[in-house]
Amino acid sequence: MTLPLAGMRVIELSSFVAVPLGGMTLAQLGADVIRVDQIGGGPDIDRRPLAPSGRSLYWAGLNKGKRSVTVDLRSPEGRELVAGLVAESGTVVTNAPPRGGLTYEVLRETRPDLIHVQLQGRRDGGNAVDYTVNAAVGFPAVTGPPEQTGPVNHVLPAWDIACGLYLTVGLLAAERHRLRTGEGQSLRVALQDVALATAGNLGYLAEAQLGGVRPRLGNSLFGDFGRDFATADGRVMVVTLTPRHWRDLVEATGFGEVTAALERALGADFRSAGDRYTYRETLAGVLAPWFASRTCAQIEDGLKGTSVLYSRYRDFTELTADLDTEPLMAPLDQPGIGPHLAPGSPLRLGETSTPPAPAPTLGEHTDEVLQNVLALSRDRVKDLRTRRIAGES
């Protein structure tokens, strides 16, 4: 099928997570995304985790389906080449610091309808990364077990991921505006703004302003009954969010009469999320023996057909044992890394989702892009290579 962004070309000047993820999302929807790096690679070219070959699995994972061009961004001639690519393409997404000849103000002189999407750390232009932003907006103070006294960081770069998808949405909104009006757009997204907006949208900030104090709950769910339970051979996470979830859980475990007696004794109604949350430790104590006496497979069998939300805890190694049953995953032979299962796009268009495409090798498409997009002659491209203005040696 023809993908919805076929015919769109985007120049990406990026590193690390947010912008590469945004660019890959566009590529998986059919856009021709050309990632431009400094000759030799940007600061994320060898970021861990690494394949046995030494190649970055991180870099390959976030650049699937793109084309790669390398130029000497430190030289005026190299930046002139990039400016030419932007002028031909009309859209650029970047988290790179402003360079001479590549600012929005300069680029729009030759492409008035330019869409320029810039990721910033902070709205004032200051530097920030996911881990510093996370510390600044309060989440480490509510992460971890109740007895924890210091902050606990999480390992998922949540703000980078959210920011990458915000960038994509913003770029597509600007493209729609251009299609309707012919006007370009300068769009800026700050990592800290995304984190702050999320904390506000989820009610965390209003709660604090109104005098509430969010507790640390370890693996328990805030506001309802949800927690981890030890099993005979591992651990499971169980969540109830509705009266039906709760009813199905007590029926499946056989504790309907016990919990009814608790309701009478406590004056509680466990159909209410608030009461399930308030008495979560009491309820966990009732349910824990049922889980502890069963294997994860027996628990799955016992909860099958119910509305109860649950999952066995697995590490990454355990997860890989079942990847061949996941429709999202498909074989990918990545140059320099080798064959492995990789995710395609999680967006399903009808019944179809885009399968994974290999990430380029660094600078793989330099000659192709300079010749086909900028219409440079082969001799001109060869000269640029010889003088180390473009392309890997």
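What the table below lists for this structure:
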| read-out | value |
| --- | --- |
| Hey, Gly211 open to solvent by 30 Å² or more (accessible area, probe 1.4 Å), part of a loop (DSSP other than H, G, I, E, B), of a type in the set (Gly, Ala, Ser) and more than 24 Å from Ala162 (Cβ to Cβ) or not | yes |
| Within segment 27-40, considering residues that are part of a strand (DSSP E or B) and open to solvent by 20 Å² or more (accessible area, probe 1.4 Å), the one nearest to Val155 (Cα to Cα) | Gln38 |
| Selection count where residues are part of a helix (DSSP H, G or I), open to solvent by 60 Å² or more (accessible area, probe 1.4 Å) and more than 16 Å from Gly305 (Cα to Cα), scope segment 244-281 | 7 |
| Which listed residue is exposed (fewer than 14 other Cβ atoms within 10 Å of the Cβ), more than 24 Å from Arg9 (Cβ to Cβ) and small (Gly, Ala, Ser), from Gly144, Gly126 | Gly126 |
| Cβ pairs under 7 Å, 6+ apart, first in segment 176-192 and more than 16 Å from Tyr104 (Cβ to Cβ), second open to solvent by 60 Å² or more (accessible area, probe 1.4 Å) and of a type in the set (D, E, K, R) | Gln192/Arg122; Gln192/Arg123 |
| Evaluation of Tyr310 against (1) crowded, with 17+ Cβ neighbours inside 10 Å; (2) assigned to a loop (DSSP other than H, G, I, E, B); (3) of a type in the set (Ser, Thr, Tyr) (one fails), failing number | (2) |
| Any hit, segment 163-174, residues being among the polar types (S, T, N, Q) and open to solvent by 50 Å² or more (accessible area, probe 1.4 Å) | no |
| Qualifying residues in segment 147-162 (those that are in contact (Cβ under 8 Å) with a residue 12 or more places away in the chain and under 30 Å from Val10 (Cα atoms)) - the one surrounded by the most Cβ atoms within 10 Å (Cβ to Cβ) | Trp159 |
| Where a residue in segment 114-139 is basic (Lys, Arg) and its partner, wherever it lies, is not in a loop (DSSP other than H, G, I, E, B), with Cβ under 6 Å and at least six apart | Arg122/Ala190; Arg122/Gln192; Arg123/Ala190; Arg123/Asp193 |
| Residues of segment 368-385 that turn out to be more than 14 Å from Gly78 (Cα to Cα), surrounded by fewer than 18 Cβ atoms within 10 Å (Cβ to Cβ) and either touching a residue at least 60 places away in the same chain (Cβ under 8 Å) or of a type in the set (Phe, Trp, Tyr) (or both), as a count | 1 |
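Residues are listed down the side, and each one gets a yes or a no for (1) without any contact (Cβ under 8 Å) to a residue 40 or more places away in the chain; (2) within 21 Å of Asn219 (Cβ to Cβ):
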position	(1), (2)
Thr282	yes, yes
Ala321	yes, no
Asp333	yes, no
Leu347	no, no
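Each row is one residue, and each column tells you yes or no for (1) touching a residue at least 24 places away in the same chain (Cβ under 8 Å); (2) surrounded by 19 or more Cβ atoms within 10 Å (Cβ to Cβ); (3) part of a loop (DSSP other than H, G, I, E, B).
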{"position": "Pro4", "(1), (2), (3)": "yes, no, yes"}
{"position": "Gly22", "(1), (2), (3)": "yes, yes, no"}
{"position": "Thr25", "(1), (2), (3)": "yes, yes, no"}
{"position": "Gly42", "(1), (2), (3)": "yes, yes, yes"}
{"position": "Asp46", "(1), (2), (3)": "no, no, yes"}
{"position": "Ser53", "(1), (2), (3)": "yes, no, yes"}
{"position": "Trp59", "(1), (2), (3)": "yes, yes, no"}
{"position": "Val86", "(1), (2), (3)": "yes, yes, no"}
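Matching residues to (1) modelled with pLDDT of 95 or more; (2) assigned to a loop (DSSP other than H, G, I, E, B); (3) among the hydrophobic types (A, V, I, L, M, F, W, C); (4) surrounded by 17 or more Cβ atoms within 10 Å (Cβ to Cβ):
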| site | (1), (2), (3), (4) |
| --- | --- |
| Pro289 | yes, no, no, no |
| Asp301 | yes, no, no, no |
| Leu319 | yes, no, yes, no |
| Pro331 | yes, no, no, no |
| Ser345 | yes, yes, no, yes |
| Pro358 | yes, yes, no, yes |
| Thr361 | yes, yes, no, no |
| Glu364 | yes, yes, no, yes |
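The values are calculated or read from the model by the stated rules, or taken from the named source; none is laboratory data. Quantities reported herein were computed from a predicted structural model and do not represent experimental measurements. Positions of Cβ are backbone-derived with ideal geometry, glycine not excepted, and every protein chain shown enters the neighbour counts. Just so you know, the surface numbers come from the protein's heavy atoms only, side chains and all, with ligands and any DNA or RNA stripped out. Shrake-Rupley method; radii C 1.70, N 1.55, O 1.52, S 1.80 Å.
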